[in-house]
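The values are calculated or read from the model by the stated rules, or taken from the named source; none is laboratory data. Everything numeric in this text was worked out from a predicted model, so none of it was measured. Cβ atoms come from the backbone with ideal geometry, glycine included; neighbour counts cover every protein chain shown.
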Amino acid sequence: MEQSKKIANRNSIIFALIYGATYLPAVWLLKHRVFGQPISIIIAIVPIIAFSIFILKLIKAFSVMDEVKQRVQLEAVVIGFSLTAMLVMILFLLSLCDISNPGWFGYANLLGYCWLFYFVGWFISKKKYGI
Amino acid sequence: MKNTIKVERAKKNWTQEDLARQIGISRQSINSIETGKFIPSTVLALKMAEVFGVTVESIFQLEKQD
């Protein structure tokens, strides 16, 4: 049991790293190099596949966590999701007032904020349960 | 809810790590339960009672505000 927990945790970390290692070069290539549309789509799909596998590994790791750690993760996701939803709503409402700043709040930035909010939630929850 | 996990551990001379290993959770989780920050599930409470050789009610007791 302990061994399977370690393997599941390790796998999720490995695929998070693989995702990071494919996402950043893919963004760089798509921004700074000019490819035909089929090649661009293939480059864009690689990090999506890596992220999909990462999600599966993360769910597997979640299922073998003990109940305190599961609660911490659950609260982190709830806080992260709520803050992201609030940010998107604020940006939408501001856009209706013709106020927008794509330099700070583009799709790529939103992805970063989403992860930031998850880690904020994780930190709060870890402090709450003292782990 | 209060608990007597620390007392039961002391009786057996177990560390949090020892108890965690016996019931298959992490040491940090034991600490969280022992300090009352997390209320364990029935299954976990029963596992604890089993390894201590006592009843669940003797480990976990309701307080007035519960």
Could you grab me the full set of residues in region A:68-97 that are crowded, with 16+ Cβ neighbours inside 10 Å and either in contact (Cβ under 8 Å) with a residue 60 or more places away in the chain or within 14 Å of chain B (Cβ to nearest Cβ) (or both)?
A:VAL68, A:LYS69, A:ARG71, A:VAL72, A:GLN73, A:GLU75
What is the number of the single condition among (1) within 14 Å of chain B (Cβ to nearest Cβ); (2) without any contact (Cβ under 8 Å) to a residue 40 or more places away in the chain that A:GLY20 does not meet?
(1)
Of the residues that make up region A:16-37, is at least one part of a helix (DSSP H, G or I) and in contact with a Lys or Arg (Cβ under 9 Å, 6 or more places away or on another chain)?
yes
Filter region B:45-66 down to residues that are touching a strand residue (DSSP E or B) at 6+ places or on another chain (Cβ under 7 Å) and buried (at least 17 other Cβ atoms within 10 Å of the Cβ) and give me whichever is nearest to the other protein chains (Cβ to nearest Cβ).
B:ALA45
Failed item in (1) at pLDDT 95 or above; (2) under 30 Å from B:GLU34 (Cβ atoms), with A:THR84 passing the rest
(2)
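Okay, residues lined up against (1) within 18 Å of the chain's Cα centre (by Cα); (2) β-branched (Val, Ile, Thr); (3) exposed (fewer than 12 other Cβ atoms within 10 Å of the Cβ):
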| site | (1), (2), (3) |
| --- | --- |
| A:ILE13 | yes, yes, no |
| A:ALA21 | yes, no, no |
| A:ALA26 | yes, no, no |
| A:VAL34 | no, yes, yes |
Please work out which residue is farthest from A:LYS128 (Cα to Cα), limiting yourself to region B:56-66 and to residues that are among the polar types (S, T, N, Q) and over 11 Å from the mean Cα position of the chain (by Cα).
B:GLN61
Matching option when the condition is hydroxyl-bearing (Ser, Thr, Tyr) and assigned by TED's automatic domain parsing to the domain that holds A:SER4, among A:SER52, A:SER100, A:SER82
A:SER52
